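Shown next, in structure tokens, is the structure this report addresses.
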Amino acid sequence: MSISRRTLLRNTAALGAFAGAGLPHIWIKNADLAYAAGGEIKVGVLFSLTGTTAIIEESLNKATLLAIEEINATGGIKGSKIVPIVEDPASDPATFSEKARKLVVGDKCVSVFGSYTSASRKAVLPVFERQNNLYWYPTLYEGRECSKNVIYTGAVPNQQQDEFVPWLVKKFGKKFYLIGSNYIYPKEENNYCKKLLEKLGGEVVAEEYVPLGHSEFSSVINKIRSTQPNVIFSTVVGDSVVALHRQYKAAGLDPEKMPMASLTTSENEVAAMGGEAAAGHFTSAPYFMVHKSPENEKFVEAYKKRWGADKVTHFVSEACYFQTYLFKQAVEKLATSDLTPPNIRDAVKGQEVIAPQGKVRIEPENLHTWLWPKIAQAKSNGQFEILVEAKEWLKPVPYAAYPGQSCTEKGLVEKS
């Protein structure tokens, strides 16, 4: 059939106007074949390899690549190899957004694994929602988000604090000093902590936030001395964790009387600061490297073999690892012609995998993950001792601090 040049130009112009009108992204079935073209499935890996949060994100990159290599070594996904496209967003939210757009629009990745901070997740979210792609976020975070374009595999506040805060109050006392990095995650976690303390008759003697990358804590240490809290509740992240712990120790403060209780300090930060600076302090998380399970022994052994005998695993790298296997299971449920981000999202709902921490499950209602809360104390050898371990896995409630709201498959619902 012949088409005149004038008709072709007119139709092309109309299509361009339609696309430019900001209308929802439309999937064309034949175009979906590009996601598994040539026996390859492209995914983005978007963790900072430079900048202030590289101290933690570099290990997230490693855990993701390890899982991809393991899957490919056993035949890939129904014969197709996972091809990771690695970008370095350099700990900068604006760069995260730029790189995310490259991976989704330019490289046509069917999913992207990425982010440590909530600031970077918030920066990329518009890209994934606009393009109807899928972001796999492995980090503990503040909740209060309900996106159909994110799979959340890290803990939300109820999974880290519901047992932790009452335990701290009972063991050490009711006076809390809240110190965090200055962005949304620490503020929302502290908001939830204050709600729990109110129920327990606790008291917040101070609440302070420092810039990302902050390294001078002398004024904070002085305020801690003057307020004499029972617990220093820390949501400081990145390099700042190392600086705070070292300056706490140098000031001669005693973790037996006034410990730091953290939601963010893992084996990775402990390795950076040295075991002596971490010893005696507490962390609440779903996973610790010392956890006893066949799956964890395999994970730790494989990680050390691949990346170095001196490397450690921790609660965010573990989530990076198991979420890659959840991605594999979801893709296995789909025909090649049906391989799209929305179909992967639907396929992963209710999926379970035996992770190093135990069996985890994607909650279909809110795309968050059922996890196993634990409380542990840091030791001078650089590892943790697990003191409290949940008897049952715990459902994620991303709006636990906001009882009038709930994240459902239909989106955010206001309760009457």
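The values are calculated or read from the model by the stated rules, or taken from the named source; none is laboratory data. As the structure is a computational prediction, the values presented were derived from the model and not from experiment. FYI the Cβ positions are ideal-geometry reconstructions off the backbone, even for glycines, and counts take in every protein chain you see. We work out accessible area using only protein heavy atoms, side chains counted, and drop any ligands, DNA or RNA first. Shrake-Rupley method; radii C 1.70, N 1.55, O 1.52, S 1.80 Å.
When segment 111-133 is filtered for residues that are part of a loop (DSSP other than H, G, I, E, B), crowded, with 24+ Cβ neighbours inside 10 Å and over 14 Å from the mean Cα position of the chain (by Cα), only 133 remains.
Selection of segment 155-186 for residues being touching a strand residue (DSSP E or B) at 6+ places or on another chain (Cβ under 7 Å) and under 21 Å from residue 93 (Cα atoms) yields 180, 181, 182, 185, 186.
Taken as a whole, segment 76-84 holds no residue that is surrounded by 16 or more Cβ atoms within 10 Å (Cβ to Cβ), in a helix (DSSP H, G or I) and either assigned by the TED database to the domain that holds residue 148 or under 16 Å from the mean Cα position of the chain (by Cα) (or both).
A search for C-beta distances below 6 Å between a residue of segment 374-399 that is more than 16 Å from residue 356 (Cα to Cα) and touching a residue at least 12 places away in the same chain (Cβ under 8 Å) and any residue that is open to solvent by 60 Å² or more (accessible area, probe 1.4 Å) and part of a loop (DSSP other than H, G, I, E, B), counting only pairs 6+ apart in sequence or on different chains, returns 385/379.
Where in segment 274-372 are there helices (runs of 4 or more DSSP H), lying wholly inside it, with at least 1 residues that are under 30 Å from residue 249 (Cα atoms) and assigned by the TED database to the domain that holds residue 165?
It comes to 275-278.
Only one of 404, 350 is surrounded by fewer than 17 Cβ atoms within 10 Å (Cβ to Cβ), of a type outside the set (Asp, Glu) and at positive phi. Can you tell me which? Before the answer, list the steps.
Working: 404 fails: at positive phi.
Going through 404, 350 in turn, the sole match is 350.
The residue that is surrounded by the fewest Cβ atoms within 10 Å (Cβ to Cβ), counting only those in segment 225-252 that are closer than 22 Å to residue 185 by Cα and β-branched (Val, Ile, Thr), is 242.
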